[in-house]
Amino acid sequence: MSDHTNKELSEAERQAYLDKFGVTPADASHDILLQMIEDQFANGLKTQVEPFPETDREFGALLDELRPLDEDQLREKLDISGWLLEPYGEDQMRCQECMYYLVHKRWCDLPELDLPAEPQWWCRLWRI
C-alpha cells in the first residue's frame, strides 16, 4: 500500500490552501476546486498516467488506493488517478466521453474522485 493512505493533510499543506484560496479542498466551491486542480499542475504536478488499468482487478486496485483519502488530499487523488488537463493517448480520450462524467455539472461522479472536471481533461480511471 502506498503512503497516500494518510487520512489527513499536513498542517503545511492545509495552510498553503488556506493562504492561497481561503479554503481547503473539502470546503471549496466547484470553481475554486477547478482552480486548485489547475494550480497543482501549474506547480509541476506529474501524475501516474501509466499503467492504464486494463482489467477490473487493476481498476479496483486504484479505487482501493483512492478510497481512504480525505477530501482534502487533492494532490494525492490527482496523482493516483493519473489526472491530466488534456486528452490522452492515441484516441485522445477525455472526460467528456467517460461514463462517470456529468456533462451539465462538469463533474467526475466516480465516488472515489468526486471532483470537478473539464470536458477535455482525462484520468486513467476513464471508462465508456
Per residue, how large is the accessible surface of the chain? Use a 1.4 angstrom probe and give square angstrom.
56
Only one of the listed values, (1) 26, 18, 15; (2) 23, 17, 13; (3) 32, 21, 13, was derived from the coordinates as semi-axes √(5λ) of the Cα gyration tensor in Å; which label is it?
(2)
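May I ask you to give the percent of accessible area on the chain that is carbon plus sulfur, with a probe radius of 1.4 Å?
48
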Could you pull the accessible area for residue 100 with a 1.4 Å probe, rounded to 10 Å²?
50
Ignoring ligands, DNA and RNA, how do 97, 65, 90 rank by accessible area with a 1.4 Å probe, largest first?
90, 97, 65
Checked against the positive end of the charge dipole of the chain (+1 on Cβ of Lys and Arg, -1 on Cβ of Asp and Glu, about the Cα centre), the farthest of 42, 121, 78 is 121
Ignoring ligands and nucleic acids, residue 31 exposes an accessible area, probe 1.4 Å, in Å² to the nearest 10, of 90
Spin-label pair residue 102/residue 31, simplified geometry with 7 Å Cα→Cβ offset, distance in nm:
1.9
Using only the heavy atoms of the protein chains and a 1.4 Å probe, how would 99, 93, 36 rank by accessible area, largest first?
99, 93, 36
Roughly how many nanometres apart are two label points built 7 Å out from the Cα toward the Cβ at residue 13 and residue 63?
2.3
Solvent exposure ordering (accessible area, 1.4 Å, most first) of 32, 80:
32, 80
Cα long-axis angle, helix 11-21 against the chain (0 to 90 degrees, to the nearest 10):
90
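The values are calculated or read from the model by the stated rules, or taken from the named source; none is laboratory data. Computed from a prediction, not measured in an experiment: that's the story for all the values here. Reconstructed Cβ throughout: ideal geometry from the backbone, glycine too, with neighbour counts over all protein chains shown. These area figures cover heavy atoms from the full protein model, side chains too; ligands, DNA and RNA do not enter into them. Shrake-Rupley method; radii C 1.70, N 1.55, O 1.52, S 1.80 Å.
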